[in-house]
Structures are given as structure tokens and as C-alpha cells.
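Participant: So that we are looking at the same thing, I have put the structure below in C-alpha cells.
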Amino acid sequence: MGVFEAVRLTDSVYWVGAIDWAVRDFHGYSTGRGSTYNAYLVMADRITLIDTVKRPFLDEMMQRISSVVEPSGIDVLISNHSEMDHTGALPETLREVSPSKVYASAMGARALAAHFHWEPDTVETVGSGDSVDLGNMGIRFLETRMLHWPDSMVSYLPERRVLFSQDGFGMHLASTERFDDQLPESLLKMEAAKYYANILMPYSQLVKGLLEKIAGMDLDIELICPDHGPVWRSGIRWILEAWGSWARQYPAARAAVVYDTMWGSTGKMARAVVEGLSSQGISSRLLPLRETHISDIATEVLEASALVVGSPTLNGRIFPSVAECMSYLGGLRPANMTGAAFGSYGWSGEAVTQLSGLLEDMKVSLAGEGLRALYVPDDRALESSVELGRSVGRALNSMIEGD
Ligand code: FEO
């Protein structure tokens, strides 16, 4: 007997996951609204559990399963993705449930073995195009390597037109509501964009391929069931199109100006840069690193096509918070961007040159030479900062016209 109940999604598919209201840091990603770890129960002839939950939520998942069926009645377990938020509870689940088969991709089986140091003979590998007979229904698999792990795959239940998309089309959002159309659209847009920016942006080329594959398979989808956040019911077309648009990263008249400052000088320059960008019709976001989490900066960068970064020089180097941010953004590999670097200095001012180099490494096309101001920017230095913003704005407008 427990307090947690399953949520019926169709006549034979139930949500049996867990709601993590408290998580605020998901391996460095700020999850201000918590998250969910979604697991799904398919009440086919061979009862099937798709994915599990993070280890501390095992009991919540088992209670939800028990509200529908005795857990020992589960015959098949599918692991679409081996990251610990979906497999932390897997070893205990296997002990409690004893399914006759666990299905995972070949890379998934390898990852599970490396996580749990086991060799269970119940694990069977499946690949794209394979299917598993569940008696009155079946599950088809599609591998989605590097979206976002090498092991990732999705599962499709044609009899109920349900796509179990693991992290795909997900978001970190704790809620009592299970369907997209029960939540405000603006909230879904914000959290889905943040998720894409921080988890999927580096793999945008592969996302384009996946979306084409899904379209090519002519899947008749009624529900998309991701491993985080709400189930897509009314907004299926919207989320597929949003992912397509984020993957393409078309040039947009939008800029992110990221900076940190020691005594306010680089901050003054940053505000002047924004004035220059605005004068060219560019919608700009000024993002002070002390007050903005890097995962929120990533979201702004996803929606922007210009990245202008300011840093003071500290001991001959980029200021640590700016260096950390650049390392993070560099790994996310935003595309189709122009930008520039600026900053105040006191001795030799190496940070701006180093920052320009990092931007080039990220394939950001530089719209001007890096701008430095000695100690406190005077009127001339601030006018140069405005001009730097204008230059970036002009370069971005040319990119948009040429697209
Ligand atoms: Fe939600 Fe990649 O794990």
C-alpha cells in the first residue's frame, strides 16, 4: 500500500515515474522548477516497463506500478537510455521485478555493464528496425546515438501510437500535471528551450537527421512520452517544429552580451555595447555572470545569433567566471554566430585577445577587433564600446540578409 498512484495515459499505457520537486542542480544545469523522472508501464500481454527512475525515487515508482499491477507481473524491461536519472533504480527494480528480458541498445548494454558491473543474461540488445513482440502489441526501436548519449534509443508502440522518446523532447519541470496541454504554453516553451540548449545543442546536426528519420518513418504519433517533463499530447507538432528550428539555428536579430566585472569597468563597457547593438535593431540580453546561471546563458545563446563577451584581465588571464562560461558554451557548440570580445584592464590586458581566440575556436565570426579600456572607461572608450556593438549589429544584419 502506498500513496503514489499511476497516471493513465491511454487504455494500456501508464505513467509510473517520480516527481523531484527539490532538485535545483542537475549535473550543473540549474533546475529552478525541479524535474520528473518518467517511467512508463505498458499493459500488453507481456507487461512492459519502459525506463526507471533516479535511485532515491525507486519506492515512488514501485508504488505507482503497484497501483496498476503486481510488479512481479512485469515481463519486459526496456532501457532506452542508461544515464543514472533513468537507471539509478534499475538494479533494485530488476531484483524486485525479475523480468524475463531487458532490452537495450548495444551501447546501452555496454553502458549498463560499466555502471553496475554486472553481466545479467537477461539483457538482450536491439537496434534500429528491431521489434519486440508483446503478445497483443509490439515495440519498435530506433537508435538515436549521441542524442544525447551513445546508447540512446527511442521505442514506438504502434498499436497505441505512442513514442517513448527518452530524453528527447523533454524538459526539467516538476508538476502534478502530466500532459502538455494542462500547463501554460509560455512555461513549456521556456523549459523546452532551456533543455535543448543545455543538453542537445551540441548534437544539432544529429537532431536534424532524427527529425527527418521520424518524418520518413511516417509514424502516426498520438503521444510523445519523454523521460522528463510533460507528455506531449496537443503540442506534438509544436515540439517537433521547435526542435527543428533550434537545430537549424537560423540567424536571428538577437544578441547575448555576457560579462563579469571586478570594479564595474567591464560592466560599463557591456552596457554601452548593448546600446550599439540596439541602435542596429538587435534585441539584446545583458547577462552579468554573477547574477546569471550559465545554463540560463546557454538558453539565451540558443536563441541569439551574436555573442559578445566581456572580461577583465586577472593575473594575465580571462576572469575565472568568464573562462568557465566560455568552456561551457564552447562545449555546446552554438552555430551561425557573430560576436566580439571586450574588457577593462590595468597592466597588459591579455584577456580580450584570449577571449577573441576562444570565440574563434567556437567558430564565432568576429565582427571586430577586441576592445580594451585602461582601468575605468572614459567617454571615448565608452563610445568605442557602443561602436563595437554597432559593428556586431551590422555583421549580424548582413548575416540575416545573406541567409
Ligand atoms: Fe535524463 Fe540523459 O538523462
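The values are calculated or read from the model by the stated rules, or taken from the named source; none is laboratory data. Model, not experiment: these values are computed from the prediction. With ideal geometry, Cβ positions are generated from the backbone for all residues, glycine too; neighbour counts draw on all protein chains shown.
Yes or no, residue by residue, for (1) in a helix (DSSP H, G or I); (2) surrounded by fewer than 17 Cβ atoms within 10 Å (Cβ to Cβ):
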{"position": "VAL309", "(1), (2)": "no, no"}
{"position": "MET326", "(1), (2)": "yes, no"}
{"position": "ALA373", "(1), (2)": "no, no"}
{"position": "GLU383", "(1), (2)": "yes, yes"}
{"position": "VAL386", "(1), (2)": "yes, no"}
{"position": "GLY389", "(1), (2)": "yes, no"}
{"position": "MET399", "(1), (2)": "yes, no"}
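Participant: Further question: Out of the residues in the range 152-191 that are of a type in the set (S, T, N, Q) and surrounded by fewer than 24 Cβ atoms within 10 Å (Cβ to Cβ), state the one that is farthest from the ligand (Cβ to nearest atom).
Facilitator: The qualifying residue farthest from the ligand (Cβ to nearest atom) is SER186.
Participant: Let me ask something else about it. Only residues that are closer than 12 Å to ALA242 by Cβ and not hydroxyl-bearing (Ser, Thr, Tyr): list them for the range 195-217, please.
Facilitator: Within the range 195-217, ALA197, LEU200, VAL207, LEU211 meet the criteria.
Participant: Just one of LYS208, LYS194 is assigned to a helix (DSSP H, G or I), touching a helix residue (DSSP H, G or I) at 6+ places or on another chain (Cβ under 7 Å), more than 16 Å from the ligand (Cβ to nearest atom) and in contact (Cβ under 8 Å) with a residue 24 or more places away in the chain; which is it?
Facilitator: LYS208
Participant: Being modelled with pLDDT under 95, acidic (Asp, Glu), away from the ligand (no atom under 16 Å from the Cβ) and touching a helix residue (DSSP H, G or I) at 6+ places or on another chain (Cβ under 7 Å) narrows it down to one of GLU119, GLU92, so name that one.
Facilitator: Among GLU119, GLU92, only GLU119 is modelled with pLDDT under 95, acidic (Asp, Glu), away from the ligand (no atom under 16 Å from the Cβ) and touching a helix residue (DSSP H, G or I) at 6+ places or on another chain (Cβ under 7 Å).
Participant: Follow-up. Quick test of your reading of the structure: ASP218 fulfils all but one of (1) of a type in the set (Asp, Glu); (2) at positive phi; (3) in a helix (DSSP H, G or I). Name the failing condition by number.
Facilitator: If we test ASP218 against (1) of a type in the set (Asp, Glu); (2) at positive phi; (3) in a helix (DSSP H, G or I), just (3) comes out false.
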